[in-house]
Amino acid sequence: QVQLVESGGGLVQAGGSLRLSCAASTRTLSVYYMGWFRQAPGKEREFVAAITRTGSSTTYADSGKGRFTISRDNTQKTVSLQMNSLKPEDTAVYYCAAGSTWTQQRSGYDYWGQGTQVTVSS
């Protein structure tokens, strides 16, 4: 069982940066693969980034590759998403997720946070 709480969202201008955090309440965070997803109004929730259980590998959607960085601290039980060079199309609610497999699909994640709003103005 995992409870996830995102924070760090807000309003930024295009070209700016934002760092999202996900605090996990669980026995051992290292047993979970962790991911970030986002959902814009009227659109499906889409994959953003994922990180392996120990943080040895990461993967990104093309939309964020080169601009976004996912990281984790299993001791503090936190996962972060550093977002640089933000674009208006990055505007969405961002969700933290935990799962048991290495995947970019929503169905591969068993636990989800409540989401945090990111708005990028042009």
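Looking across K77, K87, one residue alone is within 22 Å of G113 (Cα to Cα) and charged (D, E, K, R). It is K77.
Step by step: first the residues of the stretch 79-89, then only those that are crowded, with 17+ Cβ neighbours inside 10 Å and either among the polar types (S, T, N, Q) or out of contact with any Phe, Trp or Tyr (no Cβ under 9 Å at 6 or more places or on another chain) (or both), then the one that is nearest to G16 (Cα to Cα). Which residue is that?
Checked the stretch 79-89; the qualifying residue nearest to G16 (Cα to Cα) is L86.
When you scan the stretch 5-18, do you find a residue that is hydrophobic (A, V, I, L, M, F, W, C), more than 19 Å from S121 (Cβ to Cβ) and in contact (Cβ under 8 Å) with a residue 60 or more places away in the chain, even just one? Yes. Identify the residue in the stretch 47-70 that is open to solvent by 40 Å² or more (accessible area, probe 1.4 Å) and within 11 Å of the chain's Cα centre (by Cα) and, among all such residues, is nearest to S7 (Cα to Cα). Restricting to residues being open to solvent by 40 Å² or more (accessible area, probe 1.4 Å) and within 11 Å of the chain's Cα centre (by Cα), the top hit is T69.
Here is a check on your reading of the model: is Y109 of a type outside the set (G, A, S), buried (at least 21 other Cβ atoms within 10 Å of the Cβ), modelled with pLDDT of 95 or more and over 12 Å from C22 (Cα atoms)?
Yes.
In the stretch 27-39, is there at least one residue being touching a Lys or Arg at 6+ places or on another chain (Cβ under 7 Å), surrounded by fewer than 20 Cβ atoms within 10 Å (Cβ to Cβ), modelled with pLDDT of 95 or more and of a type in the set (V, I, T)? Yes, the stretch 27-39 has at least one match.
The values are calculated or read from the model by the stated rules, or taken from the named source; none is laboratory data. Predicted model only: the values in this text are computed from it and were never measured. We place every Cβ from the backbone using ideal geometry, glycine too, and count neighbours over all the protein chains shown. Side chains are part of the model used for accessible areas, which takes the heavy atoms of the whole protein and leaves out ligands, DNA and RNA. Shrake-Rupley method; radii C 1.70, N 1.55, O 1.52, S 1.80 Å.
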